[in-house]
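The values are calculated or read from the model by the stated rules, or taken from the named source; none is laboratory data. Keep in mind it's a predicted model, so treat the numbers as computed, not measured. Every residue, glycine as well, gets a Cβ built from its backbone with ideal geometry; the counts of neighbours run over all protein chains shown.
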Amino acid sequence: MLIEVVTAGPGCSICQKAIKVVKQVSTEFPQIEFQELHVVDQFERLQELNIFSAGAILINGKVEFAILPSLPKLRERVYELFNQ
């Protein structure tokens with residue numbers, strides 16, 4: 001499972017919180033691969049996905065959270081996807 005976090009750089013507090021939440025969940029699910037998608041580097045892809053804010057989270061290429069989810073919400077969604 002690939003989880004991607006849309007980031008705007010090291011000064012983005014929302015981005016850092018999103019990364020922290022994803023890293024916490026990934027410790028519980030070792031099958032998770034984590035990547036950051038920088039808004040500048042991935043502008044065209046993010047535009048195609050209609051993502052216009054940092055902190056969005058994609059799972060397996062699909063936008064699952066347009067804004068930063070809580071740790072329990074992300075954990076629940078990952079669990080659901082693993083058990084489909």
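Miscellaneous remarks
- If you go through segment 5-25 and pick out every residue that is out of contact with any strand residue (DSSP E or B) (no Cβ under 7 Å at 6 or more places or on another chain) and among the hydrophobic types (A, V, I, L, M, F, W, C), you end up with 5.
- When segment 7-31 is filtered for residues that are closer than 13 Å to PRO69 by Cβ and in contact (Cβ under 8 Å) with a residue 24 or more places away in the chain, the ones remaining, listed by number, are ILE14, LYS17, ALA18, VAL21, VAL22, GLN24, VAL25.
- Residue that is farthest from the chain's Cα centre (by Cα), among those in segment 32-61 that are part of a strand (DSSP E or B) and buried (at least 17 other Cβ atoms within 10 Å of the Cβ): LEU37
- Of all positions in segment 63-74, none carries a residue that is of a type in the set (S, T, N, Q) and surrounded by 11 or more Cβ atoms within 10 Å (Cβ to Cβ).
- Against the test of being touching a residue at least 24 places away in the same chain (Cβ under 8 Å), among the aromatic types (Phe, Trp, Tyr) and in contact with a Lys or Arg (Cβ under 9 Å, 6 or more places away or on another chain), the options PHE34, PHE65 yield a single qualifying residue, PHE34.
- For segment 64-83, the criterion of being outside any strand (DSSP E or B), at pLDDT 95 or above and under 10 Å from the mean Cα position of the chain (by Cα) is satisfied by at least one residue.
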